[in-house]
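Quick one: this structure, given as structure tokens, is what I'll be asking you about.
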Amino acid sequence: YQEALEILRDLIQEDPAIKEEALRLRLAVATAVVFSTPVGGFGFKRLKIDWMARYHTYMRWSQEGILYSPFYEGTAWHLRFVVASRSREEEHIWARENTPEGYDNPNKIGDTNFKMINYKLNNDDGIFIGLLEYYYYIPICLKAWHDIGGVCGSISTMSAGMCHAYGVPAATVGQPGHCAYVWYRNGNWQLGNSVSDWAETFHGDMYMGRAYFFPVMNEAQKNLEGYRLSEKMRIISRLANPEDRFEILEDATTECPYNFAVWLDLKGAINEPNLQKETVQNVLLPTLLKQQEKETQVSDIAREKVGTSECFGDDRMKKLLVGLGSVQCKDQETFDFEVDLGKPSTIKEVKIKWIGFNRGVEYGIYALGEDSDYVLVRTHKDEKVEGWWYPLITLDGWDMTTTKIKFHMTKKGGRANSFAITKLIVMGVCHDFPGDVSKGKPVKENPGSSDPVTLVDGTNSTIWNGNSETSWFEINLKRICALDNIEFFWVDGAKPENVKVVYKVGSGQDAQKLGEDPFEKVPLSMDCGTTVRVEMFGGNAALKGVKACGISHTAKNILKMKVSNAYKDFYNVEMFLYTSINNMTYED
């Protein structure tokens with residue numbers, strides 16, 4: 001940081017307009033950050049690129065109108081991947097002078113790879129690329145690659161260099177046994193000259209070298225105000241009392257959920273010994289309430305669920321369900337796969353996208369209910385087809401509550417020798433069914449009453465007496481629970497005249513419901529609570545047991561809900577953050 005600040009200081013002294021113009025400031029910050037570690041040129045690694053000259057060069061080109069729109073629209077973070085170019089000014093000028101026709105625009109400049117360079121393991125004189133003689137001892141540069149050729153590293157570096165010549169962010173990235181590149185196109189980062197997906201792509205400037213943080217950081221840049229605030233909150237949390245850090249950081253994930261560094265800091269904050277359970281519960285309640293509202297809406301309920309297939313394996317199924325890959329079953333007469341929805345679900349619609357001719361023209365979809373065997377619910381005769389080559393097939397849902405879906409393909413289409421699917425979407429609503437959330441939980445009671453532990457032991461074999469005209473007991477549910485009802489098992493002839501149920505989350509505001517005679521069950525409408533207090537007035541309260549029914553949510557699972565909602569389009573980072581949450585030692 002010291003080196004970056006010193007460079008920024010010198011740039012401002014050289015060009016005071018940096019303090020007045022947004023573009024100059026962004027370019028200056030990007031230059032300072034990049035050149036805080038010296039950058040060497042390709043052919044002259046010992047001769048470092050002059051950062052002052054780099055700043056002035058791009059500033060001059062921007063004024064001359066040479067650069068493309070991403071340069072003017074990008075943030076300082078984007079411009080880092082412009083000024084970091086290892087090509088020199090004269091190389092960029094050459095690149096612009098030799099740009100292939102039709103590629104001289106911001107949406108095509110990153111696709112010039114094989115237009116500008118030929119893939120050659122050996123040069124025209126048969127010299128292998130691994131030898132120094134391949135480039136005839138001339139300095140490696142964009143023109144040398146263009147004239148002589150190269151392999152993946154040369155091709156990807158040429159493509160990135162062509163982008164840099166026009167101020168378009170780009171960078172080379174590593175893949176197993178290969179060099180690819182990323183470039184900024186239409187507001188998003190995309191891979192070029194790639195043989196792998198984002199999960200197997202690496203770049204040294206990204207967290208842990210993982211290039212899949214490029215798209216996430218780009219998403220954060222779209223809400224700069226929120227991102228900056230979340231970063232300030234992350235820094236401030238380090239100066240706050242340790243027990244307050246979790247609340248600050250969780251609020252920061254709301255301001256900018258794509259600031260993944262905040263999520264990583266949450267791990268240490270929630271493990272703080274002095275952090276109060278009530279604080280965690282208070283902070284996480286809004287996320288759970290939003291999730292409850294969302295779960296009543298139709299969505300892709302197969303995403304991230306467990307899929308199984310003997311033909312192509314569970315890993316490929318996993319990628320299919322999250323939209324990151326296709327599955328293919330070759331040389332098989334039939335083809336089966338299964339999706340476990342995890343919960344009883346209502347199915348509204350199923351969508352399948354085949355690859356070319358590799359489609360099943362005869363197939364059946366079977367549904368497994370809660371108390372039934374698989375039942376055939378749809379066939380190919382029910383499909384509605386959109387398109388031809390990669391048809392998107394839609395099938396209406398069905399009435400039966402479903403826990404698993406099985407697809408059985410029996411006949412291939414066209415000239416194909418395989419079944420191949422590139423997309424599977426199951427639209428519907430998952431249902432959580434309430435259970436006993438009070439069993440075995442700690443209980444407090446009014447003085448003079450009998451042992452309250454028997455109230456929640458689930459046996460109804462012992463009797464609890466309030467021994468007072470005004471008696472009460474309170475159950476600590478330990479987690480945030482969406483409460484459906486509280487059920488009472490009274491001793492015959494021994495019940496109070498009035499019953500009031502009071503519940504709340506953490507240290508929040510009390511909510512209450514009055515019971516109605518005979519006080520067997522008090523509905524709570526799926527309201528949330530972490531404690532439930534039952535107050536009884538008059539009569540002689542004697543209970544064999546009590547059961548609070550609802551759905552229990554751990555703090556970790558609520559955090560995962562928030563991650564899932566934010567990162568559904570960034571599967572690799574989503575799984576990365578899931579792992580971080582799973583490694584939290586916090587217990588409710």
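Along the positive direction of the dipole of the chain (beta-carbon charges: Lys, Arg +1; Asp, Glu -1; about the Cα centre), which of T402, I129, Q276 reaches farthest?
I129
Relative contact order of the chain: what whole-number percent is it, with Cα pairs under 8 angstrom and at least 6 residues apart?
10 percent
Follow-up. Loop only by DSSP, 16 or fewer other Cβ within 10 Å of the Cβ. Give me the chymotrypsin sites (Phe, Trp or Tyr not before Pro) in the range 1-94 that pass, ordered by residue number.
Answer in residue order: Y1, F44.
Run the 1.4 Å probe and let me know the accessible area of Y586, rounded to the nearest 10 Å².
Approximately 20 Å² for this residue.
Using 7 Å Cα-to-Cβ label points, what is the S69/S450 separation (nm, one decimal)?
In this crude spin-label approximation the distance works out to 7.8 nm.
How large is the charge dipole for the chain, taken about the Cα centre, if only the Cβ atoms of Lys, Arg (+1) and Asp, Glu (-1) carry charge, to the nearest 20 debye?
My answer is approximately 1060 debye.
Here's a follow-up. May I ask you to list the chymotrypsin sites (Phe, Trp or Tyr not before Pro) in the range 285-371 that are in a DSSP loop and have at most 16 other Cβ atoms within 10 Å of their Cβ?
F357
Out of residues 5 or more away from V306 or on other chains, whose amide H comes under 5 Å of its own, with H placed 1.01 Å from N in the peptide plane?
Long-range HN contacts for V306: D340.
Over the heavy atoms of L376, what accessible area does a 1.4 Å probe trace out, to the nearest 10 Å²?
Around 90 Å² of this residue is reachable by solvent.
Let me ask another. Using Stokes-Einstein with the Kirkwood hydrodynamic radius over Cα pairs, what translational diffusion coefficient do you get for the range 133-282 at 4 °C and a viscosity of 1.567 mPa s, in µm²/s rounded to a whole number?
Translational diffusion coefficient: 72 µm²/s.
With the other protein chains left in place, how much accessible area per residue, in square angstrom, belongs to the chain at a 1.4 angstrom probe?
Computed with neighbouring chains in place, this is 47 Å² per residue.
Ok, one more. Any chance you could look up the accessible area of E247 with a 1.4 Å probe, heavy atoms only, rounded to 10 Å²?
Taking all protein chains as shown, E247 has close to 80 Å².
If you don't mind, another one. Taking the Cα centre of the range 5-93 as origin, sum charge times position over the Cβ atoms of Lys and Arg (+1) and Asp and Glu (-1), and report the length of that vector in debye to the nearest 20.
Roughly 380 debye for the range 5-93.
Could you give the size of the charge dipole of the range 513-588 about its Cα centre, using +1 on the Cβ of each K and R and -1 on the Cβ of each D and E, expressed in debye and rounded to the nearest 20?
140 debye
Can you give me the relative contact order of the range 1-135 as a percent, contacts being Cα pairs under 8 Å and 6 or more apart?
With pairs under 8 Å counted, the relative contact order is 19 percent.
Hand me the trypsin sites (Lys or Arg not before Pro) from the range 19-103 located in a DSSP loop with no more than 16 other Cβ atoms within 10 Å, in residue order please.
Passing both the DSSP loop test and the Cβ count: K45, R46.
When the helix-only estimate is applied to the chain (DSSP H runs of n ≥ 4, each -39,500 (n - 2.57), divided by the residue count), what is the mean residue ellipticity at 222 nm, nearest 500 deg cm²/dmol?
Taking each H run of at least 4 residues, the total per residue is -9500 deg cm²/dmol.
The values are calculated or read from the model by the stated rules, or taken from the named source; none is laboratory data. Because the structure is a prediction, the values reported are computed rather than measured. Every residue, glycine among them, receives a Cβ derived from its backbone with ideal geometry; neighbour counts consider all protein chains shown. Just so you know, the surface numbers come from the protein's heavy atoms only, side chains and all, with ligands and any DNA or RNA stripped out. Shrake-Rupley method; radii C 1.70, N 1.55, O 1.52, S 1.80 Å.
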